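Shown next, in structure tokens, is the structure this report addresses.
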Amino acid sequence: MTKDYVIGIDLGTTTTEAAIFRNGKTEMIINLNHEIVTPSAVGIDESGNFIIGAKAKAQYLLAPERTAIEIKRKLGTKETIHLGNQSFSPVELSAKLLAHVKSYASQYLGSEVSRAVISVPAYFDDIQRQEVVEAGRLAGLTVERIINEPTAAALSYGINHMDDESHILVYDLGGGTFDVTLLELFEGVLEVKASSGNNQLGGKDFDEALIHWLKNRFEEIHGIPLGNDPYTLARLKEKAEQCKIALSTQEEYTVELPFLAEKDNVPLGLDETVSRSQFEDLIRDLLENTHIPMQVVLDDSGISREKLDFVLLAGGSTRIPMVARDIEEFLGIAPKAEIHPDYSIAEGTAIQAAIISGELNGSNSIIMTDVNPYTLGVRVVEGFSDDCMSVIIPRNVTIPVTRHKIYYTNTDGQSTAHIEVYQGESRTASKNHRLGEFKVTDIPYAPAGEESVDVSFSYNQNGMLHVSAVLVSTGKEASISINMMDAESTKEERIDVSNWKTSSISGDYRTVIRRAEKSLKHIEPYLDEEDKDLAEEIEEHLYLLKKAIIDEDTAEADTLEDYLLELIEGAYDE
């Protein structure tokens, strides 16, 4: 009989690790190379086969055009990654990496693994989290929970300190992302108070600063530009990483690259000794970028520096000696290395997995609460703008939580209220992430401001956001459920609407459809972000109208027709 294991996975920018909780403790899972750490690299070899991990990282030096590294940083973007003459999305390549983890974990445990808890940066937004879940699904894994990386690190610590009462700040500086989370540990409960971070700050940026400096030194010495040849940059990156790591334990390191370019048929190289102080000067400004997120969690949690009991370090980049000094100068408290910087997040995901599977329960378990890292709200009209973000659940509110607000009609005789749900910190709604939309219809005829809609947001611990709206005067209700953990939750499966003209009601809407299609050509997308947003909205509602026509849903089609006409007028007002 095989056991239904739930494993924990730390899907990192530069490395990936997996762990399991069994026999009362966490256990790191060994990969096919008999190592704990798997490089987060994916490539295609000369035969066209996928290679993952150490093999892919080794290939990066010889064939960077067929190798992808630091894929995690591209999640949530529409960027295409090219491997040779093939193109992939960040989700597809992340899935290849997770499938590799699934394979070696199954072999290690002697049982097919199909369930996992995966960690993400605390400051990953909903789209990035959804893409991690989708990557897991493509890899053949049911993602039982997404857990924030610093929370996972705190779990790794808290499981052995359940009788403690303390305020903990987890400082997680990894290969590509930075997170800071403030938690309170008391009586076996680990309560997240606030999270913040920077998804574009990590060891990769320290490498880039050093690469830039080395390139400049080469050009100063030899008087020729080094250029951006991918093979040269791959070799520079490897040496920069080696230099950074070495300078964590020694005062200087010599970078030797015997051949980088040539001049007058003479090969030119680089032989440069880098001191720790020089490297620290290069990354000083980058480290100062960690100060704002630290201050945000102090402010949002209401916990002052003086009330912090200790700072936990997580992430490989915290091995840089300057990091600990910088934290102590900013917070007035020296950080502690009481958890393994490389393994603690995977261990924490394994603990969460054990709680889900029932391996950890009762008196030996730990209870964890979390917060929503981003603000949630709806799009409203304020003054002369119809693109304002009205906040319903602020960031860093403990979940589960329910909040509501009342809104009023803004035009005479308004019959429909469009409820558009957004996530993000901008006061301009369209600059945030749109999570979904629904409508409240059949609003009684009344002057502007006399009819009201009560909008309620309920966000639970499993990542489910339920949004409902009630027309106060009649009690008519509409709602939408958005699974913040499910990649498919906000994506309705598309159907072919090309045959809309065959519907018996199509003639009533031909004119608006022709005008909408013509307006798309008029906008000439995508000249700028505003044009792009308008074009995408017209395209989306054009599809929905054609679908309503096929379904012969006249009420829905009439509502969409009115909304499309408003959008079309906006297109011609440009």
Close pairs (7 angstrom Cβ cut-off, 6 or more residues apart or separate chains): over 15 Å from LEU544 (Cα atoms) in the range 503-520, open to solvent by less than 50 Å² (accessible area, probe 1.4 Å) and in a helix (DSSP H, G or I) anywhere: ARG515/ILE568; SER519/ILE538; SER519/ILE568; SER519/ALA571; LEU520/ALA535; LEU520/ILE538
Selection within the range 224-234 - surrounded by fewer than 17 Cβ atoms within 10 Å (Cβ to Cβ) and touching a residue at least 12 places away in the same chain (Cβ under 8 Å): ILE224, GLY227, PRO230, TYR231, LEU233
Boolean, SER317 is hydroxyl-bearing (Ser, Thr, Tyr), in contact with a Gly (Cβ under 7 Å, 6 or more places away or on another chain), open to solvent by less than 30 Å² (accessible area, probe 1.4 Å) and touching a residue at least 60 places away in the same chain (Cβ under 8 Å): yes
Some residue of the range 304-313 being touching a residue at least 24 places away in the same chain (Cβ under 8 Å), in a helix (DSSP H, G or I) and buried (at least 17 other Cβ atoms within 10 Å of the Cβ): no
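Out of curiosity, is GLU450 more than 25 Å from the chain's Cα centre (by Cα), more than 27 Å from ALA555 (Cβ to Cβ) and open to solvent by 20 Å² or more (accessible area, probe 1.4 Å)? Give the derivation first.
Working: more than 25 Å from the chain's Cα centre (by Cα): yes; more than 27 Å from ALA555 (Cβ to Cβ): no; open to solvent by 20 Å² or more (accessible area, probe 1.4 Å): yes.
Taking the combined requirement at face value, the residue does not satisfy it.
Would you be able to say whether some residue in the range 363-373 is touching a residue at least 40 places away in the same chain (Cβ under 8 Å), in contact with an Asp or Glu (Cβ under 6 Å, 6 or more places away or on another chain) and closer than 26 Å to PRO121 by Cβ?
Within the range 363-373, the subset touching a residue at least 40 places away in the same chain (Cβ under 8 Å) is 364-373.
Still in the running and in contact with an Asp or Glu (Cβ under 6 Å, 6 or more places away or on another chain): 369.
Now narrow it down to the ones that are closer than 26 Å to PRO121 by Cβ: 369.
There is at least one residue in the range 363-373 that is touching a residue at least 40 places away in the same chain (Cβ under 8 Å), in contact with an Asp or Glu (Cβ under 6 Å, 6 or more places away or on another chain) and closer than 26 Å to PRO121 by Cβ.
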Failed item, numbered, when ALA56 is tested on (1) in contact with a Gly (Cβ under 9 Å, 6 or more places away or on another chain); (2) free of Cβ contacts under 8 Å to residues at least 40 places away in the same chain; (3) open to solvent by 10 Å² or more (accessible area, probe 1.4 Å): (3)
Where LYS204 falls short, out of the listed (1) open to solvent by 30 Å² or more (accessible area, probe 1.4 Å); (2) in a loop (DSSP other than H, G, I, E, B); (3) closer than 22 Å to ASP342 by Cβ: (2)
Residue selected from the range 251-276 under the condition modelled with pLDDT of 95 or more and not in a strand (DSSP E or B), by the criterion nearest to TRP213 (Cα to Cα): ARG276
Filtered residue count, the range 100-127, keeping only those that are in a helix (DSSP H, G or I), in contact with a strand residue (DSSP E or B) (Cβ under 8 Å, 6 or more places away or on another chain) and surrounded by fewer than 19 Cβ atoms within 10 Å (Cβ to Cβ): 2
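Select from the range 403-436 the residues that are touching a Cys at 6+ places or on another chain (Cβ under 8 Å) and either outside any loop (DSSP other than H, G, I, E, B) or loosely packed, with under 14 Cβ neighbours inside 10 Å (or both) and list them in ascending order.
From the range 403-436, those touching a Cys at 6+ places or on another chain (Cβ under 8 Å) are 427-429; that's our starting set.
Within the range 403-436, THR428, ALA429 meet the criteria.
Return yes when GLU238 is of a type outside the set (Val, Ile, Thr), over 29 Å from the mean Cα position of the chain (by Cα) and either modelled with pLDDT under 95 or in a helix (DSSP H, G or I) (or both) and no when it is not.
Working: of a type outside the set (Val, Ile, Thr): yes; over 29 Å from the mean Cα position of the chain (by Cα): no; either modelled with pLDDT under 95 or in a helix (DSSP H, G or I) (or both): yes.
No.
The values are calculated or read from the model by the stated rules, or taken from the named source; none is laboratory data. Since we're looking at a predicted model, the values are computed, not measured. Cβ: placed from backbone, ideal geometry, glycine included. Neighbour counts: every protein chain shown. Remember, those area values only see protein heavy atoms, side chains included, never the ligands or the DNA or RNA. Shrake-Rupley method; radii C 1.70, N 1.55, O 1.52, S 1.80 Å.
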